[in-house]
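Engineer: Before anything else, here's the structure in question.
Since every read-out is calculated from the coordinates, none of them should be taken as a lab result. Not measured: the values here are computed from a predicted model. Ideal geometry is used to build each Cβ from the backbone, glycine not excepted, and the neighbour counts take in all protein chains shown.
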Amino acid sequence: MTTTSHPKTPPEIGGIGHSIRRHEDARFIQGAGNYVDDIELKGMLHMAILRSPVAHAKILSIDTSEAEAMDGVVAVVTGELMAQHNLAWMPTLSGDTQAVLATDKVRFQGQEVAAVIATDSYIARDAVSMIFVDYEELPVITDPRQAMAEGAVVIRDDKEDQTDNLVYDWESGDKDLTDRAFAEADKVVSIETHYPRSHPSPLETCGAVADVDPITGQVTVYMTSQAPHAHRTVFALVTGLPEQNIRIISPDIGGGFGNKVPVYPGYVIATAASLLIGKPVKWVESRTENLISTGFARDYHMKGELALNSEGRILGLRSEIWSDQGAFFSDAQPTKFKAGLFHIVTGSYDYPAAHVIAHGAYTNKAPGGVAYRCSFRVTEASYLIERLVQNAAYEIGMDPAEFRSLNFIKPEQFPYHSPTGFVYDSGDYEAAMRKALGIAKYEELREEQKAAREEGRLIGLGLASFTEVVGAGGSDEYDILGLKMFDSAELRIHPTGKAILKLGVRSQGQGHETTFAQIVAEELGIPVGDIKVVEGDTDNTPYGLGTYASRSTPVAGAATAVISRMLREKARKIAAHLMEASPDDLEWEPGKFSVAGSPDKFVTIQDVAFAAYTNMPPDTEYGLEGVHYYDPPNMTYPFGTYVVVVEVDPETGVWNVDRMVAVDDCGVRINPMIVEGQIQGGLTEGFAAAAMQWITFDEDGNCIGSNFMDYLVPTAWETPRFELDETVTPSPHHPIGAKGVGESATVGSPAAYVNAVIDALAHLGVRNIDMPLLPDRVWSAIQDAKKG
Amino acid sequence: MQINITFNGTAQTSDVEPRQLLVDYIRGTGATGTHIGCDTTSCGACTVLVDGTPMKSCTMFAVQANGKSITTVEGLKQNGDLHQIQASFKEKHGLQCGFCTPGMMLTSAALLEENPDPSEDEIRWAISGNICRCTGYINIVKAVQHAGEQLRNS
C-alpha cells in the first residue's frame with residue numbers, strides 16, 4: 001500500500017484531499033435545481049405515450065380518431081407518421097435498431113405504440129386512453145435459453161438477416177490453455193446462478209423538452225442525458241438535421257446510474273413532434289414507464305468453474321453466460337466488447353488460464369442491459385468470481401480469507417497482465433483485505449460464529465475482494481458507435497484570476513462542480529471557490545462521451561489536470577516575463593511562482609492571469625485558456641474488500657446485516673467526503689440487489705416490478721449501517737493518481753452480502769441461492785439442505 | 001373550483017380542476033422544488049407540509065388543500081436565512097443528485113418540530129417514506145442529527 005500526502009494545498013485553496021462542501025448544493029437545498037420537468041417554455045405542449053399492454057403481437061390497426069377529436073389534442077403520432085419521415089426506427093448505441101413507434105409488431109410490454117401531443121399533460125394522458133389498437137398476440141419468450149431453443153419464434157423478423165434470436169456470440173481468453181488447466185486440476189468447483197434483471201430507477205424519471213425553432217431550424221432538446229454530446233451526434237444521424245443546429249442541454253439530472261445513457265424513443269418522438277408542430281413539446285415519463293421500458297440492467301444467467309490444485313491455488317477459470325437483451329440490443333457499451341467488460345471475471349487473483357463465452361439473445365422483454373452503476377457488466381463478473389472463490393475455499397477446506405490471500409495478485413506483480421487481456425494498473429489486495437478483516441475483528445467473529453452454531457443460531461461472514469476495471473477508455477480499444485471514448489476539459493482563466501472549467505461529461509449527483517474545481521485548484525492554486533464548472537450543454541462544452549462507467553474522474557479528471565498543467569507552463573513564461581527572470585529559475589507552489597532562492601520575490605497566479613490579457617511577453621499568444629482531449633493510456637482498476645456479517649433466522653429465512661465493513665482503494669481521493677458518499681450509496685444498491693430488488697416477468701411477458709410497490713428500493717429503515725475505511729494505491733498512469741469510485745460499492749458488495757448468507761448456511765451444505773435472497777428462498781434452501 | 005390556501009405564508013385564491021393533483025398545482029405556480037418521483041405515494045419526492053404535517057402531494061387533490069397552509073422547500077428559509085435543516089444537509093453531505101432533497105428536508109424538519117432530539121432509529125423511521133437513490137441515507141441521518149443539535153443549542 002502506498003499512501004499519499006494530500007492535502008498539499010491549504011484549505012483556502014481547497015485542492016485535492018479537502019472535503020470541500022459542495023458548490024452545487026446551494027440550489028438543491030433551496031428547491032432551485034433545474035431538472036427537465038422544471039423547464040417551462042412559452043406555448044409548450046405536452047406529450048404522453050401509448051404503450052403496448054402485451055409482450056408480443058402483430059398490430060392489426062390503430063384507431064386514433066376519437067383521441068384526435070378531443071379538445072386540447074393537437075396531434076396524435078403513430079409509427080406510420082414517423083415512417084413517413086424515416087423516423088420509425090432508430091439506431092441503438094450498440095449498433096442495433098430499435099422501434100421509435102411500432103409499425104409492424106410490438107415486441108415487449110410497454111413498447112411505444114403512439115403518442116399524443118396536447119395543450120396539457122392531463123389531456124394528453126386522457127387522449128392516450130382513447131386510442132384503440134387491435135393486436136394479434138404471438139408466442140412470448142421471456143428467457144434467453146428459451147429464445148435459442150429450436151423452433152422459437154423469431155422476435156426480430158424486422159431484420160432481414162435475422163433467422164433466430166441470437167444477438168451475439170462472444171468470447172475472451174484462451175480455450176485450449178484453460179482446458180488444459182482443468183484437465184490438470186485436482187478439484188473443480190462450479191456455480192450456476194442468475195444475476196436478476198434490475199433497474200437503475202433514478203428518482204427522476206427520463207424526459208425531454210424539445211424546442212424546434214421553425215424559422216432558424218435550431219433544435220434545442222433539454223434531456224435527461226448522461227452523454228449529451230454523443231446524443232447530439234445520434235440525433236444528427238437519426239434525423240439528418242445539421243449537427244450545428246442541434247443543441248442538447250442536459251440540465252440538473254436527478255440521478256442516472258446508467259439509466260440515462262441510452263437514447264429513448266420518447267426523446268425522438270418529442271423532437272419530431274416539435275419539428276412538425278413548430279412548438280416546444282415536453283415529455284416526462286411516469287415511474288411505471290421508466291421501469292417497464294427504459295434501460296434495465298443485468299439479467300445474466302451465469303455458469304462459472306474454477307480449476308484448483310490440492311493446495312488451493314487457482315489454475316484456471318471457465319465461464320459461460322446467457323444474456324437476456326430484451327427486444328432490442330440497446331446496451332450502451334464499447335463496440336468491441338459484446339459482453340461489456342465481463343472478462344474482468346478473473347478478479348483479484350493470479351492464474352494463467354481463463355476462457356469466457358457469452359451469448360446474447362432477444363426476448364420479449366424491455367430492451368437495455370445498461371451498466372447500472374457499473375462499468376459494463378463488471379458487476380456481474382465481480383459477483384461470479386467472488387461467489388466462486390468462497391465456494392472454492394469451502395471445497396478445499398480453507399477459510400475464505402486465507403484462500404483469497406493465497407491466490408491474490410501480489411503488489412510486485414503490477415502492472416499485471418490478466419489472462420483475458422487486461423493490464424491491471426496497481427493494487428495491494430492483501431493490504432485492503434487485512435485492513436477490512438482487522439476492523440471487523442474477523443478471527444473473533446469466526447469464534448462467535450462457531451459458538452452461535454452450537455446454540456442453533458446462524459451467523460455468516462461474507463467477503464468480497466473485488467477488482468473493477470473503469471475509465472473507458474483508450475482509443476485503441478474503446479468506442480461507442482465509432483466515437484472514441486476520450487474526454488475533454490476546457491479551462492479559461494479570466495483576467496481577474498477566476499476560472500471557468502467546461503467538461504464533456506455530465507454529473508448526475510456525483511458533485512463534479514466541486515471535485516473538478518478541486519483538481520484545478522490543486523494544479524493552479526486558484527481557490528476552489530473561484531472556479532465555476534460547466535457541463536451538459538453541447539453548445540458550450542467541448543465534445544466528450546459523458547458520465548457513466550466511473551469514467552469521469554479517470555478520463556475527464558485527467559483532462560482537467562492536463563489542461564491545468566499546460567496553462568501552468570504558459571503561466572510560468574508569463575511569470576518569468578513579469579519578474580524578468582528565466583522560466584527555469586522559477587519555483588512553483590500552489591498559487592504562485594517565486595524566484596529560486598528568493599521566496600519573497602514572487603507573482604501570484606492571479607497576477608499572471610491579469611498579465612495574460614494586459615501585459616504579455618512579445619512572442620507569446622494572449623490569453624490563458626485551453627482545451628485538452630484526454631485519451632487514456634490504460635483503464636484504472638479500483639479495488640477493495642468488503643466484509644459482511646449477517647444473522648439468518650432459521651425459522652423464517654429472514655436475514656439481517658449486523659455489520660458491513662468496506663475498505664475501498666480508489667487511488668487518490670479528490671474529495672474524501674464525496675468519495676464516502678458515493679461508497680455509501682453503492683453499498684445500499686448492493687444490499688438492494690442481494691436482498692430485495694428485481695424485475696421479473698410472468699409467462700405472458702407481463703412485467704412484475706413496474707412500480708415502487710413491486711420493485712423494492714431500500715428505504716432508510718432497511719438500509720444497513722456501514723463502516724468505511726480506505727487504502728490508497730494511486731493509479732500510476734493517471735495524472736493525479738485517481739481511479740474512479742462511483743460504482744465500486746455496487747460492483748463489489750452484492751457478493752459480500754450473499755456470501756455472508758451462504759456462509760451462515762454453509763455447514764448445512766448450501767452453496768447457492770439466487771438473488772434476491774428473499775426470506776422464502778433462504779428458508780427453502782435451509783429446508784432442502786436439511787432433507788439432504 | 002375555487003380554493004383558498006396559504007402557500008409558503010402567503011394567502012392565495014385559485015381556480016383549479018377538481019382532479020388536479022396538489023403536486024401539479026404547486027408546480028404550476030412556478031415552485032418547482034417539489035418533485036414527482038413515482039406517482040404511487042412510495043418515494044416522497046413530492047412531500048410538502050400541510051398545516052405542518054408531511055404529506056405526499058402526488059396523492060392529494062389540490063381541492064383537499066382548501067383552507068390549509070402549505071409549506072414547500074421554497075418556504076423553508078426564514079427571514080432570508082437558510083433553515084437549519086438546509087444548512088445541515090449541505091454540511092453533512094446529505095444530498096447528491098438533489099431530487100429527493102426537498103421532500104427529505106421537509107419530512108426531517110417536521111420530525112424535529114415534534115421531536116427535537118430523535119434517536120437514529122427514530123430518524124430512520126420518520127424518513128422511511130422518502131426514498132433516496134444516491135446516498136444510502138447515512139449522511140441524511142447525520143444531517144438530521146446535526147440540525148437537531150444546532151436547533152437545540154440555538
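Engineer: Picking from A:Glu12, A:Glu40, which residue would you name as being free of Cβ contacts under 8 Å to residues at least 60 places away in the same chain, surrounded by fewer than 19 Cβ atoms within 10 Å (Cβ to Cβ) and either within 14 Å of chain B (Cβ to nearest Cβ) or among the charged types (D, E, K, R) (or both)?
Structural biologist: Every option except A:Glu40 fails the conditions.
Engineer: Which condition does A:Leu317 not pass, out of (1) within 18 Å of A:Thr205 (Cα to Cα); (2) surrounded by 24 or more Cβ atoms within 10 Å (Cβ to Cβ); (3) away from chain B (no Cβ under 14 Å), if it passes all the others?
Structural biologist: Only one criterion in (1) within 18 Å of A:Thr205 (Cα to Cα); (2) surrounded by 24 or more Cβ atoms within 10 Å (Cβ to Cβ); (3) away from chain B (no Cβ under 14 Å) is unmet by A:Leu317, namely (1).
Engineer: Looking at (1) without any contact (Cβ under 8 Å) to a residue 12 or more places away in the chain; (2) within 11 Å of chain A (Cβ to nearest Cβ), which is the one condition that is false for B:Gly80?
Structural biologist: If we test B:Gly80 against (1) without any contact (Cβ under 8 Å) to a residue 12 or more places away in the chain; (2) within 11 Å of chain A (Cβ to nearest Cβ), just (2) comes out false.
Engineer: Answer with yes or no whether A:Ala55 is away from every other protein chain (no Cβ under 14 Å), of a type outside the set (Ser, Thr, Tyr), in a helix (DSSP H, G or I) and in contact (Cβ under 8 Å) with a residue 24 or more places away in the chain.
Structural biologist: no
Engineer: Among the residues of segment B:103-124, are any surrounded by fewer than 21 Cβ atoms within 10 Å (Cβ to Cβ), facing chain A (nearest Cβ under 7 Å) and within 25 Å of A:Pro200 (Cα to Cα)?
Structural biologist: For segment B:103-124, residues surrounded by fewer than 21 Cβ atoms within 10 Å (Cβ to Cβ), facing chain A (nearest Cβ under 7 Å) and within 25 Å of A:Pro200 (Cα to Cα): present.
For (1) surrounded by 24 or more Cβ atoms within 10 Å (Cβ to Cβ); (2) out of contact with any Lys or Arg (no Cβ under 8 Å at 6 or more places or on another chain); (3) within 14 Å of another protein chain (Cβ to nearest Cβ), each residue gets a yes or a no:
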| site | (1), (2), (3) |
| --- | --- |
| A:Gln226 | yes, no, yes |
| A:Leu237 | no, yes, no |
| A:Pro242 | no, yes, no |
| A:Ile246 | no, no, no |
| A:Pro262 | yes, yes, no |
| A:Ala273 | yes, yes, no |
| A:Ile277 | no, yes, no |
| A:Lys282 | yes, yes, yes |
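Engineer: Only one of these conditions is not met by A:Gln84: (1) surrounded by fewer than 20 Cβ atoms within 10 Å (Cβ to Cβ); (2) within 35 Å of the chain's Cα centre (by Cα). Which number is it?
Structural biologist: Evaluating A:Gln84 over (1) surrounded by fewer than 20 Cβ atoms within 10 Å (Cβ to Cβ); (2) within 35 Å of the chain's Cα centre (by Cα) leaves (2) as the failure.
Engineer: Assuming A:Ser475 fulfils every condition listed in (1) free of Cβ contacts under 8 Å to residues at least 24 places away in the same chain; (2) in a loop (DSSP other than H, G, I, E, B) apart from one, which condition is it?
Structural biologist: Unmet for A:Ser475, out of (1) free of Cβ contacts under 8 Å to residues at least 24 places away in the same chain; (2) in a loop (DSSP other than H, G, I, E, B): (1).
Engineer: Any residue at all in segment A:698-719 that is surrounded by fewer than 23 Cβ atoms within 10 Å (Cβ to Cβ), more than 14 Å from chain B (Cβ to nearest Cβ), over 30 Å from A:Gly14 (Cα atoms) and polar (S, T, N, Q)?
Structural biologist: Yes, segment A:698-719 has at least one match.
Engineer: Taking the residues in segment A:632-659 that are over 30 Å from A:Gly456 (Cα atoms) and out of contact with any strand residue (DSSP E or B) (no Cβ under 7 Å at 6 or more places or on another chain) as candidates, determine which candidate is surrounded by the fewest Cβ atoms within 10 Å (Cβ to Cβ).
Structural biologist: Only one residue tops the list, namely A:Pro633.
Engineer: Just to verify a result, which residue in segment B:14-56, among those that are of a type outside the set (A, V, I, L, M, F, W, C) and more than 13 Å from chain A (Cβ to nearest Cβ), is farthest from B:Glu114 (Cα to Cα)?
Structural biologist: Among residues in segment B:14-56 that are of a type outside the set (A, V, I, L, M, F, W, C) and more than 13 Å from chain A (Cβ to nearest Cβ), the one farthest from B:Glu114 (Cα to Cα) is B:Asp15.
Engineer: A further question follows. Scanning for something out of contact with any helix residue (DSSP H, G or I) (no Cβ under 8 Å at 6 or more places or on another chain) and in contact (Cβ under 8 Å) with a residue 40 or more places away in the chain, does segment A:734-745 turn up at least one residue?
Structural biologist: Yes.
Engineer: Of the residues in segment A:92-140, how many are buried (at least 20 other Cβ atoms within 10 Å of the Cβ) and assigned to a strand (DSSP E or B)?
Structural biologist: 12
A quick yes/no check of all residues on (1) hydroxyl-bearing (Ser, Thr, Tyr); (2) surrounded by 14 or more Cβ atoms within 10 Å (Cβ to Cβ); (3) out of contact with any helix residue (DSSP H, G or I) (no Cβ under 6 Å at 6 or more places or on another chain):
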site: A:Thr142; (1), (2), (3): yes, yes, yes
site: A:Ala152; (1), (2), (3): no, yes, yes
site: A:Glu160; (1), (2), (3): no, no, yes
site: A:Tyr168; (1), (2), (3): yes, yes, yes
site: A:Lys175; (1), (2), (3): no, yes, yes
site: A:Ala183; (1), (2), (3): no, no, yes
site: A:Val189; (1), (2), (3): no, yes, no
site: A:Pro200; (1), (2), (3): no, yes, yes
